[in-house]
Amino acid sequence: MNWRADQPHNALPALPPAVAIETVPVLKRVIAARAAVAALDQAALRMPNPAVLLNAIPILEAQASSEIENIVTTTDELFRFAQDESDLAAPETKETLRYRTALFAGLDSIRSRPLSVTTATEVCSIVQGREMDVRKLPGTIIANPATRRAIYTPPQGEVVVREKLANWADFIHTSDEIDPLVRMAVAHYQFEAIHPFADGNGRTGRILNILMMVDAGLLASPILYLSRFIIAHKDDYYRLLLDVTRDAAWEPWVLFILTAVESTATTTLAKIDAIQTLQATVREQVRATSAGANSDLLDVLFEQPYSRIANVIERCGVSRPTAAKWLNELVAVGVLHDVKVGRERLFINYGFLDILTRDGVR
């Protein structure tokens, strides 16, 4: 292939790839990855309160995906402002929380219409906080941040970019003979190679991964976040993307994505087990400490690591003094910790927060 890093890659081949994708090593890895995803999906569906994962996992994905793009905030900041994006939140926190908003907007979209270029554009617009459209102007280049030398120059020209995006969307919906996880891996490469927007392509592409898995019926909800794996193997991720461009080295790339899926699903499943064990312990502590408290209080404590008195009032249907009494009692016995943010007190379930944020489950 006559490819040059400093020249627009208008010759980016259309999908499907011209070489075999579902090789024997790939199919073996597919079996393991599909089994891990199925186990995770079933475990999540068995949870009495699915919001425990549905509220938390997208925030972790938002943080990790934004970190890949050097937008750095902490999980502490994100969970603190997840329910109330006040002016106290840092700009990086607000930008990262837009990722979560974009993810759920994308989910709403694919429930009523097929995943499409329009879906990608809407997702990117929310991620960026402004209306986005396919690149029209030349000059987009991916360069080494230190040397500024070109690493990759995506296709140029609105007509060319739109044609390649149309092919990308068509591949997603007309390649049923390819396993959905393999199809996702191929589509993710292609989207990143097209690089259709002036900014936000990486985060948009990672949201599209989740949407493809939900759309294919592999997951009932967006509880598999791959960005933490990508951060841990960032050099491999970018090297393998480039190897597909330069050498059509599809097999190592697809194997990388399948490994990411299997590893992340296994880790998330372990988190579910740890969360349920912690819930059982906290349930007994609530019963022993806070007279009259019901299961709704436990839901409040695990739907977000950070709780407010107002959350307990609304969810449990009790007065402010009663809500404050219950939370203060749990602080006194060490179940929760409290912090002051502005005029408000936040109550932190650190045990839950630790399970969510640590890489492994001890």
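The values are calculated or read from the model by the stated rules, or taken from the named source; none is laboratory data. As the structure is a prediction and not an experimental result, all values here were calculated from the model. All Cβ positions, glycine included, derive from the backbone under ideal geometry; neighbour counts span all protein chains shown.
Does R239 satisfy the condition of being surrounded by fewer than 20 Cβ atoms within 10 Å (Cβ to Cβ), free of Cβ contacts under 8 Å to residues at least 40 places away in the same chain, of a type outside the set (S, T, N, Q) and in the same structural domain as P180 (by TED's automatic domain parsing)?
Values: surrounded by fewer than 20 Cβ atoms within 10 Å (Cβ to Cβ): yes; free of Cβ contacts under 8 Å to residues at least 40 places away in the same chain: yes; of a type outside the set (S, T, N, Q): yes; in the same structural domain as P180 (by TED's automatic domain parsing): yes.
Yes: the conditions hold for R239.
Residues in segment 137-156 that are over 26 Å from L211 (Cα atoms) and either aliphatic (A, V, I, L, M) or in contact with a Pro (Cβ under 8 Å, 6 or more places away or on another chain) (or both): 10 in all. Taking residues in segment 11-31 that are at negative phi and surrounded by 13 or more Cβ atoms within 10 Å (Cβ to Cβ), and partners anywhere that are basic (K, R) and in a helix (DSSP H, G or I), the pairs with Cβ atoms closer than 8 Å and at least 6 places apart or on different chains are L12/K164; A14/K164.
For segment 305-362, please list each of the helices (runs of 4 or more DSSP H) lying entirely inside it that holds at least 2 residues being of a type in the set (S, T, Y). Before you say what the answer is, go through the steps one by one.
On the way: elements: 309-316, 320-332, 350-357.
In segment 305-362, 350-357 are the helices (runs of 4 or more DSSP H) which contain 2 or more residues that are of a type in the set (S, T, Y).
Given the structure, is F171 assigned to a helix (DSSP H, G or I) and within 22 Å of Y225 (Cβ to Cβ)? I'd like the intermediate steps shown before the answer.
Working: assigned to a helix (DSSP H, G or I): yes; within 22 Å of Y225 (Cβ to Cβ): no.
So F171 fails the test.
The residues of segment 128-168 that are under 18 Å from Q190 (Cα atoms), under 25 Å from the mean Cα position of the chain (by Cα) and assigned to a loop (DSSP other than H, G, I, E, B), listed by number, are D133, V134, R135, P154. Taken together, V282, V254 contain a single residue that is crowded, with 17+ Cβ neighbours inside 10 Å, aliphatic (A, V, I, L, M) and closer than 30 Å to A193 by Cα, which is V254.
Evaluation of T204 against the conditions (1) in contact (Cβ under 8 Å) with a residue 24 or more places away in the chain; (2) within 26 Å of E22 (Cβ to Cβ); (3) crowded, with 22+ Cβ neighbours inside 10 Å shows that the sole unmet condition is (2). Listed conditions (1) assigned to a helix (DSSP H, G or I); (2) small (G, A, S); (3) more than 19 Å from the chain's Cα centre (by Cα) are all met by A265, apart from (3). The single residue among R162, R148 that is on the phi > 0 side of the Ramachandran plot and among the basic types (K, R) turns out to be R148.
Filtering segment 236-243 for residues that are closer than 25 Å to V123 by Cα and outside any helix (DSSP H, G or I) leaves an empty set. Test V312 against the stated conditions and say whether it is of a type in the set (A, V, I, L, M, F, W, C) and within 25 Å of I57 (Cα to Cα). Taking the combined requirement at face value, the residue satisfies it.
Yes/no per residue for (1) under 24 Å from E61 (Cα atoms); (2) modelled with pLDDT of 95 or more; (3) touching an Asp or Glu at 6+ places or on another chain (Cβ under 9 Å); (4) surrounded by fewer than 20 Cβ atoms within 10 Å (Cβ to Cβ):
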site	(1), (2), (3), (4)
A105	yes, no, yes, yes
Q128	yes, no, yes, yes
R135	no, no, yes, no
P138	no, no, no, yes
N144	no, no, no, yes
I151	no, no, no, yes
R162	no, yes, no, yes
A166	no, yes, no, yes
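For segment 125-134, the count of residues that are among the acidic types (D, E), under 21 Å from L224 (Cα atoms) and in the same structural domain as V261 (by TED's automatic domain parsing) is zero. Determine whether A274 is farther than 30 Å from F229 by Cβ and of a type in the set (A, V, I, L, M, F, W, C). No; evaluated as a whole, the condition is false for this residue. Mind listing just one residue for me: the one in segment 327-345 that is surrounded by 13 or more Cβ atoms within 10 Å (Cβ to Cβ) and more than 15 Å from F302 (Cβ to Cβ) and, of those, modelled with the lowest pLDDT? Result: V341.
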